[in-house]
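A quick write-up on the structure given underneath.
The values are calculated or read from the model by the stated rules, or taken from the named source; none is laboratory data. This structure is a prediction, so every number in the text was calculated from the model and none was measured. Cβ placement follows ideal geometry from the backbone for every residue including glycine, while neighbour counts extend to all protein chains displayed.
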Amino acid sequence: MTASRHRTRLYIELSVAEGAAERLQASLAAVPAEAVLLRPAASGRPDPRALVALVRAAQSKGVAALVAGDPGLAHEAGADGVHLDWSAEIEDAYRAARALLGADKIVGASAGGSRHDAMTLAEAGADYIAFPLDEEASAARVDTIAWWAEIFEVPSVALGLTDPARALELAQAGADFLGVTIPPGQAPDDAAQRLRAIAQAIDGDALDDAAPGRRDV
């Protein structure tokens, strides 16, 4: 997964839950996206058949399919890579994921709010660094993304976006990708509307309409 500076592209977060296929189809029809991150539903490990179907649906549109948190499951499902959420062992988790998946798969990682972890993960070879958004640290996250864009070439993802009003601020701060969360149970048309609103907020003409997805190797 690569990025071009001054362009902010979309990265969709989707739970592997009932109705996910319809939400994914509507989302990918609504906007160009770089990647889809498939997360387990609240019940835990996703159904492998449902996961494989979602992976193939994304890939059929030229969109990279990533699995959250489980490199082995990502490998089994034929996904393009894995996303690792932040933990105290994030560096070890990154090394293990890279060893399992190899250099030709995407391994992205969340640095939480830690600039040190972000730099360490980038130096280790992470394909992107994610900075999760939350209400308590929203201003700090915007500052961190701006700092990252100024100094580093490794792409950044502002993860957990739900509000179109925040999208332009994050894009202007230099986020390479906006991770837009599509909640479980959301109607497909509402998911598409949310994505269109966010795309419009960052100016649809600035989105990269070229075939998105795979990491250049």
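With the condition kept exactly as written, say whether any residue in the range 199-209 is more than 14 Å from Tyr11 (Cβ to Cβ), at pLDDT 90 or above and surrounded by fewer than 23 Cβ atoms within 10 Å (Cβ to Cβ). Yes, the conditions are met somewhere in the range 199-209.
Within the range 145-164, one or more residues are surrounded by fewer than 21 Cβ atoms within 10 Å (Cβ to Cβ) and on the phi > 0 side of the Ramachandran plot.
If you go through the range 137-170 and keep only what is in a helix (DSSP H, G or I) and in contact with a strand residue (DSSP E or B) (Cβ under 7 Å, 6 or more places away or on another chain), you end up with Arg141, Thr144, Ile145, Trp148, Ala149, Ala167, Leu170.
Summed over the range 171-192, residues that are assigned to a helix (DSSP H, G or I) and in contact (Cβ under 8 Å) with a residue 60 or more places away in the chain total 5.
Scan the range 112-133 for residues that are in a loop (DSSP other than H, G, I, E, B) and over 14 Å from Phe177 (Cβ atoms) and the total you get is 4. Which of the residues that make up the range 156-180 are among the hydroxyl-bearing types (Ser, Thr, Tyr) and at pLDDT 95 or above? Within the range 156-180, just Ser156 meets the criteria. Of everything listed in (1) of a type outside the set (Val, Ile, Thr); (2) touching a Phe, Trp or Tyr at 6+ places or on another chain (Cβ under 9 Å); (3) more than 23 Å from Ser15 (Cβ to Cβ), the single unmet condition for Pro132 is (3). When each of Glu22, Glu91, Glu13 is tested for being within 18 Å of the chain's Cα centre (by Cα), surrounded by fewer than 24 Cβ atoms within 10 Å (Cβ to Cβ) and of a type in the set (Asp, Glu), the lone residue that passes is Glu13.
For every residue, the table says whether it meets (1) closer than 17 Å to Pro184 by Cβ; (2) touching a Lys or Arg at 6+ places or on another chain (Cβ under 6 Å).
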position	(1), (2)
Ser15	yes, yes
Gln25	yes, no
Ala33	no, no
Leu38	yes, no
Pro46	yes, no
Arg56	no, no
Ala77	no, no
Asp80	no, no
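Return yes or no: is Arg39 farther than 29 Å from Ala201 by Cα, basic (Lys, Arg) and free of Cβ contacts under 8 Å to residues at least 60 places away in the same chain? For Arg39, the condition - farther than 29 Å from Ala201 by Cα, basic (Lys, Arg) and free of Cβ contacts under 8 Å to residues at least 60 places away in the same chain - is not met. Restricting the range 166-197 to residues that are within 16 Å of Leu14 (Cα to Cα) and among the aliphatic types (A, V, I, L, M), which is farthest from the chain's Cα centre (by Cα)? Filtering the range 166-197 for residues that are within 16 Å of Leu14 (Cα to Cα) and among the aliphatic types (A, V, I, L, M), the one farthest from the chain's Cα centre (by Cα) comes out as Ala187. Of the residues screened, Gly125 is one that is without any contact (Cβ under 8 Å) to a residue 40 or more places away in the chain and either of a type in the set (A, V, I, L, M) or exposed (fewer than 15 other Cβ atoms within 10 Å of the Cβ) (or both). Just so you know, in the range 134-144 the residues that are hydrophobic (A, V, I, L, M, F, W, C) and either surrounded by 12 or more Cβ atoms within 10 Å (Cβ to Cβ) or modelled with pLDDT of 95 or more (or both) include one that is nearest to Gly174 (Cα to Cα), and it is Val142. Within the range 96-116, if we keep just the residues that are more than 20 Å from Pro71 (Cα to Cα) and in contact (Cβ under 8 Å) with a residue 24 or more places away in the chain, the residue that is surrounded by the fewest Cβ atoms within 10 Å (Cβ to Cβ) turns out to be Arg115.
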